[in-house]
Structures are given as structure tokens and as C-alpha cells.
Amino acid sequence: MSRAIRFRHALSVRLTLVAAVSAALLSYGIQPAAAHAPADITVTAGATASAEELPDEGSPGQGEPATRVFDDSPGTGSAEEGTSSALTSKTTTQSAATATVMATTTSSPTINRSRVIERAKSWVGRGLTYNQSGTHERYRRDCSGYISMAWGLATPGLTTNTFASRGVTYTITKDELRPGDALNNDNLGSSGHIVLFEGWTSSARTHYWGYEFTGTGVHHRQIPYPYFSSSNPAAYKAVRNRYVVDDPPSVPVPVNGDLYALTPDKSAVVVWNGSSWTAVGGAAADLYAGGAGLFATNPGDGGIYKYNGTPQSWTRIGNAGAAFAVSDRHLFALTPDRSAVMQWSGSGTGWTQIGGAAATIHAGAAGLFATHPGDGSIHRYNGTPNSWTRIGNAGAAFAVNNNALYGLTPDRSAVMRWTGSGDRWEQVGGPAGSLYAGGTSMVATDPHGGDVFRFNGTPGSWTQIGGPGAHFALSGTHIYGLTPNRSAVTVWTGSGWNGIGGGAAQIAAGR
């Protein structure tokens, strides 16, 4: 830095990370950031009833199946699902691109897995009563009528014993289950029942999230595989609707200045320009990026440099620091001895001391935060030099995005979110290994296998988007990952991971 940056006093701030009940952050085996790893089931956890509750299993009866003649193409019940000419008889996935292989047979409407889940959700919480003689949206209000609705079949729907005979479903294995498939007990009448499969609740695959219509209404809950022990679970078989297809992979929007990386030997800084990589700088030790720009440290003396936006054009703006953090508008630093928090003036090598001693600093559009070197408590910078507010106790890790500050309890048993007021925090997830935040997103890794989950914004609601990675970086629009061995850079497409580069020592997300 331009001068020795020191703190005159310690930060006075605090974080209350309540180690509340740890609703497990979910663990599941997908290989996400691996350039040649197969994708698997997306697991979504919602705030629903526990699998330990009294189950209210099965169905008190089913009405008559739809009278429509189902030839080779039952398809969907309405035009909104489209009219694809491809039927999924078997699907495979390739690397991060999640390419779907389809076997074309005859022309028929199909429905995407995500749309099946959306339709199933549409009946949850409406207070619908079970009545095999009644209908809702022209579908029977029973188990098979509900699943027929989710699959978009002809009204009023089929029955458990006619899905297969009408050519709609075929049997699959437990390992092949994907969102939109089902567990079907195809016995007649009140002995039969069917549940829509959404995803596994953990890597153990002993319970799954399912949608079903029982005598007490429509439920979205955890269910033991294949079904509750008191309800003839041996009768349930995993089945697939042959007209339910994988969601097509989306292509990342080309961006420039959204993702930066260091080559494996750290000899060059490169930027992703939307279709390829461009070298913009020489050797560097570390990268820091955000709304305020791209910064890199010199591998020799640790000096900090700012990228000027033109390849190979950099300006030295300060000396070495123990840590740096970038927000939407500013670059912050910790002095080498961690005795002071500094803020770059935005011009030349001018720095202003804004706080005292700190152990770590964390920045994003939601603000600047620092941990106390003594007790680890977390403090928020109020925008005026040396004005900080303690907002909570110590945490194992912290991450900041545009909207919020997240923390891990000291024992990593719960993911917490600061409410933005006082020292009040709310639990939003269970155990986690690491946190990464950026833009409006936040992801966490499973503490055991390292699988990565995206926080959906609602406490307890997470979606697994991939398996282990060496590092993740989030921009305003994208989630990027490094494979576990750092051999490839990948980007989350919304349904899988696309490889967009070879090996890297480090990645950093920009604006």
C-alpha cells in the first residue's frame, strides 16, 4: 500500500449465529463441475412435513380412467406443453453440457420434467379434498387423477392400473429415478396408489421428496423409499412416463468481463469474452473481482494492481496486504499485520483507514463486514471511517452478495442469514462446508461429499446443482465452478454444467 496501514482500535461489532436445529443441507451424488462427469437428479428441498409424521398413506379409492383412446401417444392434455417430435426412451448426459440423447419414434406431444413439477406444485396448499367422484381443473381429485394432471394426460386422468396398459409408463430402476418419474402401486381401486418423485433427500437415498394426493389432501413431503412401511411398500415400482423428457440445456448468455481466471501456473490473467479466453495480464498471485473492477496481486512483492480494461494495461494502486475484498463500488484491504482495515480512494495509491484490527474482511453490494481478531465476532461498516456496528458472534465462514450477509455457525451445523437489523439472524439451511455468494445468488457445499447446492431464497429451500468442485465464483448472472482437480472451468446453465475452459489455478467473478 502507499503507506503502512494500521488500526488505532479494534472493531466493535458482533454476530449471533444461533446453532439452531440443523435441517441437513442435503447431500447427493452429482458430478457437477467435472468436465466429463454425468449429471444426475436435481434435488429440491422445501419446507414441508417430516418423514417421521403419521403418514396418511395410500388412497381410499380411484375413479374411472379417462375414456380417451390412448394409442401410441398419450402425450399432454393441452397445447401449452408443445408438440415435440422426439420421445425420450432413454436419456444420457454428457459432461457439464448435460446433452440429452433422444430416440425418435412417432410424433407426439411431450412435457419437460420441470413443467411436471410445476404442475404438481400448483395443487399444493389449495385445500383440495379427496373425492374420486369430484374433479378440479377437470381432473379427478384422487391420487392417479393428480398425477395425470401433473403429467398433462387427458382428463379426467388414468388410474394406477391403467398407466402401463395404456402405454404411458414403463418400469425403471431405483437408480434411474429422476424428477417427474413416479412410484406406482398398480393394484386396483383402493389398494392402488401413486406418488410423483421429485428428488432424494440425501445421498443415502432412503427418503425422497414426493407429491401425492391422499385422503387428507395434496402433500409435498419426505417419503421413505419406496413407500411407508405400513402400506405395502413392496407393491411400489419406480416408473417413468415415456412422454416426460429432460429439460433442454440452456446456453449461457455470452458475457464479457464476467469471469476471470489465472492460468494453472499463474503466469497469466485471462478473461472470458463470451466465446473464448483472452489474456489480459501477466503473472499474478491472486485475483479479486466485483462491481468495482478486477484487481490482482504481484507474485513478487504482493503489491495490488487494478486492471484498466485494456489487455496488458494495469496500474499499481498499493502495497501488499493480508487480504483484499471488492464490493460493488470499492476495494478494501487489511494491512499485512491485520492491524487496520483500509479503503482505496479510487485514484492513484491513496488509501484511507476506516477501521481497526480485523481477522477477515468480506464485501459485496450488501456492504463491508469484518471479523474481530479476538472473539471472531462479525461487524458491519457503517460507511464512515471507524464507524462499525457489531451484528453477531463468531462464525466458521461468511459470504456476501447483493442482498445479504450469510454465515456458518462455528460448528458448521447451520447456514444463517443476517436479517439486516441488529444482531438478528435466521437459519436458512443445515450443515455446510463452504459458502460462496455473488449477484443475487448464494451456494453452499455439502460438508461431507462436497456437492454444491443453490439457496432458493426461502429458509430450508435448496436445490442441488452439482457435485464437488475446487472452487465456485458467482457473478450477477452466472455460477462458475472449477473441477475438483482444477482441470476445467465450467458454468452452470440452469440444468447442467458446460465446460468453457481448461485448467485454472483460480477463478473470480466480475460484475
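The values are calculated or read from the model by the stated rules, or taken from the named source; none is laboratory data. Computed from a prediction, not measured in an experiment: that's the story for all the values here. Cβ sites come from the backbone with ideal geometry, for glycine too, and all protein chains shown count toward neighbours. Just so you know, the surface numbers come from the protein's heavy atoms only, side chains and all, with ligands and any DNA or RNA stripped out. Shrake-Rupley method; radii C 1.70, N 1.55, O 1.52, S 1.80 Å.
From the phi of every residue in the range 290-305, what ³J(HN,Hα) in whole Hz does the Karplus formula 6.51 cos²θ - 1.76 cosθ + 1.60 yield, where θ is phi - 60° and glycine or proline is x?
So the Karplus estimates, Gly and Pro as x, are x, x, 7, x, 10, 9, 9, 9, 6, x, x, 10, x, x, 9, 10 Hz.
Calculate the spin-label point distance for Arg205 paired with Ser165, positioning each point 7 Å from the Cα along the beta-carbon direction, and give it in nanometres.
With each label point 7 Å from Cα toward Cβ, the separation is 3.1 nm.
Multiplying the sequence separation of Thr419 and Asn485 by 0.36 nm and subtracting their Cα-Cα distance, what value in nm do you get?
Once the chain is fully extended between Thr419 and Asn485, it gains 20.1 nm.
Less than 11 Å Cβ to Cβ from Leu474, Lys/Arg counted +1 and Asp/Glu -1: what total charge do the surrounding residues give? Display every interim value, and only then the final one.
Working: positive: Arg454; negative: Asp258.
Local net charge: 0.
Work out how much length Thr458 to Thr129 would gain on full extension: take 0.36 nm times their residue separation and subtract the Cα-Cα distance, in nm to one decimal.
On the way: separation 329, 0.36 × 329 = 118.44 nm, distance 2.73 nm.
That works out to 115.7 nm of additional length.
Counting only other residues whose beta carbon sits under 15 Å from that of Ser327, what net charge do I get with K and R as +1, D and E as -1?
Net local charge, Ser327 excluded: +3.
Measure out, as a whole number of angstrom, how far apart the alpha-carbon centroids of the range 274-335 and the range 401-467 sit.
If we compute the Cα centre of each part, the gap is 27 Å.
Of the peptides 355-362, 113-120, how do they stack up when ordered by the mean number of other Cβ atoms within 10 Å, highest first?
Details: 355-362: 22.4, 113-120: 20.8.
The packing order, highest mean first, is 355-362, 113-120.
What FRET efficiency, computed as 1/(1 + (r/R0)^6) with R0 = 22 Å and r the Cβ-Cβ distance, is obtained for Asn382 and Ser345, rounded to the nearest 0.05?
In this case the efficiency is close to 0.75.
For the range 203-313, give the magnitude of the charge dipole about the Cα centre (Cβ charges: +1 Lys/Arg, -1 Asp/Glu; no others), in debye to the nearest 20.
About 520 debye.
Using a 7 Å offset from the Cα along the Cα-to-Cβ direction at both Asn308 and Thr278, what is the distance between the two label points in nm, to one decimal?
Going by the 7 Å Cα→Cβ label model, 1.6 nm.
Stretch His448-Asn232 to full length: gain in nm at 0.36 nm per residue minus the Cα-Cα span?
Gain in length upon complete extension: 74.4 nm.
Going by accessible area, probe 1.4 Å, with all protein chains left in place, what is the ranking of Lys266, Lys121, largest first?
From most exposed to least exposed: Lys121, Lys266.
Could you work out how far apart the two model spin labels at Thr216 and Ser267 are, taking each label as a point 7 Å from the Cα in the direction of the beta carbon, and quote it in nm?
About 6.6 nm, to one decimal.
Order the peptides 155-168, 498-511, 222-235 from the highest to the lowest mean number of other Cβ atoms within 10 Å of their residues.
On the way: 155-168: 21.8, 498-511: 20.1, 222-235: 16.3.
The peptides rank, most packed first, as 155-168, 498-511, 222-235.
Let's test the formula: R0 of 56 Å, r as the Cβ-Cβ distance of Thr315 and Lys121. What FRET efficiency results, to the nearest 0.05? Please report the intermediate quantities before stating the final value.
Working: r = 52 Å, r/R0 = 0.92.
The calculated FRET efficiency here is 0.60.
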